[in-house]
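For reference, the structure is listed below as structure tokens.
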There are 2 protein chains.
Amino acid sequence: MTYLEELGTAACKAKYELAALNTEKKNEILRLCAEDLENGESALLAANAKDLEHAAARGMSEAMQDRLRLTPDRIRGISEGIRQVALLPDPVGEILERFERPNGLQIEKVRVPFGVIGIIFESRPNVTADAFSLTFKTGNAVILRGGSDAICTNSEIVRILRESLQKSGVTRDAVQLLTDTSRETAAQFMKMKAYVDVLIPRGGAGLIRSVVENANIPVIETGTGNCHVYVDEDADLEMAVKILLNAKLQRISVCNACESLVVHRGIKDIFLPMLRDALKERVELRADAESLEVLGDAAVSATEEDFGTEYLDYILSVKTVGSVQEAIDHINRYHTGHSDAIVTKNAEHAELFLNGVDSACVYVNASTRFTDGFEFGFGAEIGISTQKLHARGPMGLRELTSYKYKVRGTGQVRG
Amino acid sequence: MTYLEELGTAACKAKYELAALNTEKKNEILRLCAEDLENGESALLAANAKDLEHAAARGMSEAMQDRLRLTPDRIRGISEGIRQVALLPDPVGEILERFERPNGLQIEKVRVPFGVIGIIFESRPNVTADAFSLTFKTGNAVILRGGSDAICTNSEIVRILRESLQKSGVTRDAVQLLTDTSRETAAQFMKMKAYVDVLIPRGGAGLIRSVVENANIPVIETGTGNCHVYVDEDADLEMAVKILLNAKLQRISVCNACESLVVHRGIKDIFLPMLRDALKERVELRADAESLEVLGDAAVSATEEDFGTEYLDYILSVKTVGSVQEAIDHINRYHTGHSDAIVTKNAEHAELFLNGVDSACVYVNASTRFTDGFEFGFGAEIGISTQKLHARGPMGLRELTSYKYKVRGTGQVRG
């Protein structure tokens, strides 16, 4: 048996035990995990220091090192996150539908765990504990494959979690970490359809593309966001400025940040100067010919590539259109199906936009930054799906479950 | 632009028009399509005769030729199927949830079409019209890739459907057929993630495996069924015989037919002879050592491979176990997660089995043959999903939809 087959076999064995755990027991274990992580502070910081030392030796940027860094505060944050998950309702066992057929068969559609979830992520070590708490709460076994940068930290987190599980009398294999972080092993991991029910990549566009192209396990694609704000002819322009500033600048490097402004020709001469003044040169504007005329030296000329780019940076593309429909067509052509907004006082335009834009989340008069499991009130988030199969938009606990049909009969056969 | 890119572009253009069609208009078009197919009987039979001629020349078996054959009756059956779909409720637009956040954001989760669905299937030409009616009713554009054996028939069906659409003033590209039926083109089709939202293969295990391994489009895996019936120690043995005969023999070549009997040691000496007598040598029994002792010359020895095989034939494997849990473990090891049944009078055993067996449909005291969209009351079926992502078990109209979040605000920004 190969290393990966061993992991897969252990996870498949664990999933039956986990699916049968009751909510109270799961919550109790989550609280214990949170406590044990806090008590493990010195070991966690020591492991993290090793990762940071390697990172510095390899010349990792300060910003990236900061993403990798644990502090006592951050450890408490991680534990607090686990305790929050313990407080959330357990979706497993929920009866989604119940009906009787004319032949007397009683059919129940019941929410069940997926079984085994694979999560492939990059350097932030908080994802390790986060992903465990969400998959465990939903009765799933998880196999984690984190980045090699965080391997010491991730190993220590998982060691503590497995010890907490064992102390609680529950299989440690509820969580396993792929300690071989080579690309070859990652590629093989994506092909473990015989063991893993669903694979969720969390990270940059490159990681996600690689998983989508290589996996034979069903994938939930997450997180790439080329989000648009369309300012309609009938917009409240001050509201539009406020929404744009928030969507673009409140947090620059996240998937629900705005990357492109679409503006109606009828208001561009008033609106674009307002926006330019509000941005105070904090953002590079890449404008099409018509908006460039208005913006002058405050902008540069956009290429077609700009409209399809998720910058995650202090850059905004600007496109001029002549109607809501033209805005919808432009957005559907260039977006990633994540989040797009219209600012308008016109109810008809709002409905056209809500129906016409093919995104997970479509907004009227609000910032795209609200696309988030916590902001939606799900209490948790494993990622934001940009595909249409299974889950779309923010994914909370329910989105980490499947269902089964339980059919009770009295000897029925098919005629 | 390549041939496939042209098809993809046309489908992506069509999807917006289709998503906006109201239910009445869709139903009217479906009824017209049904009528036009009936009126096209002679052209359909002529096209089908060409396929049959090629098939005979290539030495296709009579059974396979029969699957390919259209008759006036079968054409009426196809049209009747379309009319039935017109009568079903339209899932598109259903508001799945509606909630308000403390900041005043109004969030609606609304059922929407996927967009573009790809369907890859084998020789039965009725799938062509069937797949169109279900995808059209749910507001999706569909690209069909049927087997080369049925290419003349499929082309004629799609020609008629496209003409009906055009007469109705709706884009003909709601349905397109891949007329190049080469394997290379099929392989490229599976990689059209930029155009196709979901891919559904319908056919044998080989086709499905090929799609799962090669596609970069999200796939819904359908139809492979290694289904089990477990006869418990506490079973009503006459009921068990009746259920087994039905599950095994009512239709031999379908995915919800029983392929394996699991029998409790405590009743095998009584039950196996009852079953043997009822089967009257119609079925080859491949038995493990313990059951072989009872069955004697009426059975042959099973290999491990037998337990993992979907025969679709007059063959049944037989496994002896000592408890419900052992039965569950055996089934979870060898099944395909499609449909499995327990026959028992013991309520506790029934619940253990319902919870422990990891299948789309788990039955107590009923035949596995009920796993079917019509038998479940969905009024239609595009296939039976054996994966856990998105849809599990029989897939009707709802399973051909996704959802989006519509969020209405009054200028909210994230703090």
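The values are calculated or read from the model by the stated rules, or taken from the named source; none is laboratory data. The model shown is predicted, which means the values in this text are computed figures rather than measured ones. For neighbour counting, all protein chains shown are included, and Cβ atoms are generated from backbone atoms with ideal geometry for every residue, glycine included.
Quick look at the numbers
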{"read-out": "Matching entry among A:V254, A:V212, A:V241 (being more than 30 Å from B:S210 (Cβ to Cβ), surrounded by fewer than 24 Cβ atoms within 10 Å (Cβ to Cβ) and under 23 Å from the mean Cα position of the chain (by Cα))", "value": "A:V254"}
{"read-out": "Subset tally (residues that are within 11 Å of chain A (Cβ to nearest Cβ) and on the phi < 0 side of the Ramachandran plot) for region B:321-337", "value": "5"}
{"read-out": "Cross-chain or 6+ apart pairs with Cβ under 6 Å, region A:246-273 first and touching a residue at least 12 places away in the same chain (Cβ under 8 Å) and in the same structural domain as A:D236 (by TED's automatic domain parsing), then hydroxyl-bearing (S, T, Y) and in a strand (DSSP E or B)", "value": "A:N256/A:S339; A:S260/A:S317; A:V262/A:Y230; A:V263/A:T320; A:R265/A:T320; A:K268/A:T320"}
{"read-out": "Counted residues, region A:122-150 - those being in contact with a helix residue (DSSP H, G or I) (Cβ under 7 Å, 6 or more places away or on another chain) and either surrounded by fewer than 23 Cβ atoms within 10 Å (Cβ to Cβ) or not in a helix (DSSP H, G or I) (or both)", "value": "15"}
{"read-out": "Residue list for region A:333-351, filter: touching a residue at least 60 places away in the same chain (Cβ under 8 Å) and more than 15 Å from A:V364 (Cα to Cα)", "value": "A:Y334, A:H335, A:T336"}
{"read-out": "Failed item in (1) within 14 Å of chain A (Cβ to nearest Cβ); (2) touching a Ser or Thr at 6+ places or on another chain (Cβ under 9 Å); (3) in contact (Cβ under 8 Å) with a residue 60 or more places away in the chain, with B:V364 passing the rest", "value": "(3)"}
{"read-out": "Residue within region B:249-264 that is more than 14 Å from chain A (Cβ to nearest Cβ), basic (K, R) and more than 21 Å from B:I331 (Cβ to Cβ) present", "value": "no"}
{"read-out": "Test: residue in region A:197-212 that is within 22 Å of A:A20 (Cβ to Cβ) and either in contact with a Cys (Cβ under 6 Å, 6 or more places away or on another chain) or touching a residue at least 12 places away in the same chain (Cβ under 8 Å) (or both)", "value": "yes"}
{"read-out": "Only listed residue being touching a Lys or Arg at 6+ places or on another chain (Cβ under 8 Å) and under 30 Å from A:D358 (Cα atoms), chosen from B:S402, B:S367", "value": "B:S402"}
{"read-out": "Selected residue (criterion: farthest from B:V211 (Cα to Cα)) from residues of region B:165-196 that are β-branched (V, I, T), in contact (Cβ under 8 Å) with a residue 60 or more places away in the chain and surrounded by fewer than 23 Cβ atoms within 10 Å (Cβ to Cβ)", "value": "B:V170"}
{"read-out": "Any chance B:L96 is surrounded by 21 or more Cβ atoms within 10 Å (Cβ to Cβ), at pLDDT 95 or above and either closer than 30 Å to B:R408 by Cα or among the aliphatic types (A, V, I, L, M) (or both)", "value": "no"}
{"read-out": "Scope region A:206-246; condition within 12 Å of another protein chain (Cβ to nearest Cβ) and part of a strand (DSSP E or B); matching residues", "value": "A:V219, A:V229"}
{"read-out": "Region A:30-47 residues that are under 19 Å from A:I151 (Cβ atoms) and at pLDDT 95 or above, paired with ones that are among the small types (G, A, S) and part of a helix (DSSP H, G or I) (beta carbon under 9 Å, 6 or more apart)", "value": "A:L37/A:S79; A:L37/A:A129; A:L37/A:S164; A:A47/A:S155"}
{"read-out": "Candidates A:V231, A:V175 - the one that is in contact with a strand residue (DSSP E or B) (Cβ under 9 Å, 6 or more places away or on another chain) and assigned by TED's automatic domain parsing to the domain that holds A:L7", "value": "A:V175"}
{"read-out": "Single residue of region A:376-391 satisfying the filter (more than 7 Å from every other protein chain (Cβ to nearest Cβ) and part of a loop (DSSP other than H, G, I, E, B)) that is surrounded by the most Cβ atoms within 10 Å (Cβ to Cβ)", "value": "A:I382"}
{"read-out": "Matching residues, region B:392-411, being more than 19 Å from B:E259 (Cβ to Cβ), within 7 Å of chain A (Cβ to nearest Cβ) and not in a loop (DSSP other than H, G, I, E, B)", "value": "B:S402, B:Y403, B:K404, B:Y405, B:K406, B:V407, B:R408, B:G409, B:T410, B:G411"}
{"read-out": "Count - residues of region A:75-121 that are within 12 Å of chain B (Cβ to nearest Cβ), more than 30 Å from A:T9 (Cβ to Cβ), hydrophobic (A, V, I, L, M, F, W, C) and in a strand (DSSP E or B)", "value": "3"}
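Yes/no matrix, rows are residues, columns are (1) modelled with pLDDT of 95 or more; (2) under 25 Å from A:T222 (Cα atoms); (3) not small (G, A, S):
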residue	(1), (2), (3)
B:N126	no, no, yes
B:I143	yes, no, yes
B:L161	yes, no, yes
B:D173	yes, no, yes
B:A186	no, no, no
B:M192	yes, yes, yes
B:G203	no, no, no
B:V212	no, yes, yes
B:V229	yes, no, yes
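To keep it simple, each residue is scored yes or no on (1) farther than 30 Å from B:K248 by Cβ; (2) touching a helix residue (DSSP H, G or I) at 6+ places or on another chain (Cβ under 8 Å); (3) at pLDDT below 95; (4) among the polar types (S, T, N, Q).
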site	(1), (2), (3), (4)
A:L354	yes, no, no, no
A:C361	yes, yes, no, no
A:I382	yes, yes, yes, no
A:Q387	yes, no, yes, yes
A:G393	yes, no, no, no
A:L400	yes, yes, no, no
A:Y403	no, no, no, no
A:K406	no, yes, no, no
A:V413	no, yes, no, no
